[in-house]
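Note sheet for the following structure.
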Amino acid sequence: MKQAVLLAAVLALFAGVAQAQQFPTRPVTLVVPWPAGGSTDIGMRALASATEKHLGQSIMIENKPGAGGTIGPANMAATARPDGYTVAQLPITVFRMPFIQKTSFDPTRDFTYVIHITGYTFGIVVKADAPWKTFRDLIDYARANPGKINYGTPGAGTSLHITMEQIAKQQGIKWTHVPFKGVSESMNALLGGHIDVVSDSTGWAGAVDGGQARLLVTWGAGRTRNWPDVPNLKESGIDMVSNSPFGIGGPRGMDPAVVKVLHDAFKKGMEEQSYKDSMAKLDQEAFYLDTAAYHAYAMQQVEEQRQLVEELGLRQR
């Protein structure tokens, strides 16, 4: 009996090795949980293109926006086979949303963490003809007019929403959150005069560079490469940094050998000049973590996001 069990284990091991050696034999789908045309979509498409030659197969982008970037990963976790042919961008909201509302996934057990990639450059923009020339002007106005400022983000529970509420709490102000599916929607609303402020990643760059919008502040540890004249939060009197780092993961139970194939291909894709050029245009810095380090980081983030949600009182009863 013991010999039969041992034989079965050995055969399973060899089957797994054989699968990894053959993988991939068809295109891989990369789920992007944000609308097409936004900064995440642009960056993920650039990475997919740079990675394909190292993977030996094409990488197909599938946009599944909604619920602050969690619908795509949740759907993958629930329906995709753990064979490596479906992976997703995992925004930080994946770690946060289960503490805000009931979700169908648990970030501690329902994902295989493959590789950590980068973080965003975030900023706050207003229309070019808005009366606020600086972020401090906006804060002062919001303090004098509670609830009157309407700001748009990519959704409730996103880092943009969370950070705007952290700022409000720290500065003793109240403003009104208006969630959108992505920066294209929110910028259209801003330029159309329907909201006052957009808080998002660099999808606003075209409007800022084209003179339709004004960038008041960015949220990184230092000033940005592309907008060096714009101060960050710390320079504006707010001791805060927010860049919402993210990576790529698959459903739970993936073969470690298949994970390694994907990790190695994406890592080489990150080193391609074409991808680096795209990241420079988006003003995003590399934040690479290998599979083991990414898993450890994810578990750390779960606890940090739990504490943050409780601190801001965002749990929906």
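A short reminder: the numbers here are calculations on the coordinates, not readings from a lab. Since we're looking at a predicted model, the values are computed, not measured. For neighbour counting, all protein chains shown are included, and Cβ atoms are generated from backbone atoms with ideal geometry for every residue, glycine included.
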DSSP H helices in the chain with Cα extent of 20 Å or more along the helix axis and mean Kyte-Doolittle hydropathy at least 1.0? 2-22
State, to one decimal in nm, how far the label point of residue 221 lies from the label point of residue 257, with both points 7 Å from Cα in the Cβ direction. 3.9
If you count, for each residue, the other Cβ atoms within 10 Å and average over each peptide, how do 46-55, 139-148, 103-112 line up from highest to lowest? 46-55, 103-112, 139-148
What ranking do 94-100, 252-258 get when scored by the average of other Cβ atoms within 10 Å per residue, highest first? 94-100, 252-258
If you take all C-alpha pairs in the range 202-317, what percent of them are over 16 Å apart? 73
Quick one: Debye curve from the C-alpha atoms of the chain, no solvent, what's log10 I(q)/I(0) at q = 0.12 Å⁻¹? -0.80
So residue 271 and residue 176, fully extended at 0.36 nm per residue minus their Cα-Cα distance, gain in nm 30.1 nm
Residues meeting the amide H criterion for residue 63 (H placed from the backbone, H to H distance under 5 Å, 5 or more places apart or on another chain) are 32
Would you please give the residues with an amide H less than 5 Å from that of residue 217, counting only those at least 5 places away or on a separate chain, with H modeled from the backbone geometry? 124
Just to be sure I understand the model, the point goes 7 Å from the Cα along the line to the Cβ. What's the resulting residue 229 to residue 58 distance in nm? 4.4
Neighbour net charge for residue 98 - beta-carbon separation under 9 angstrom, K R +1, D E -1: +2
Mind giving me the nanometre distance, one decimal, between the label points for residue 101 and residue 83, set 7 Å out from Cα along Cα→Cβ? 3.3
Suppose a student asked you for the relative contact order of the chain, using Cα pairs under 8 Å spaced at least 6 residues apart; what percent would you report? 28
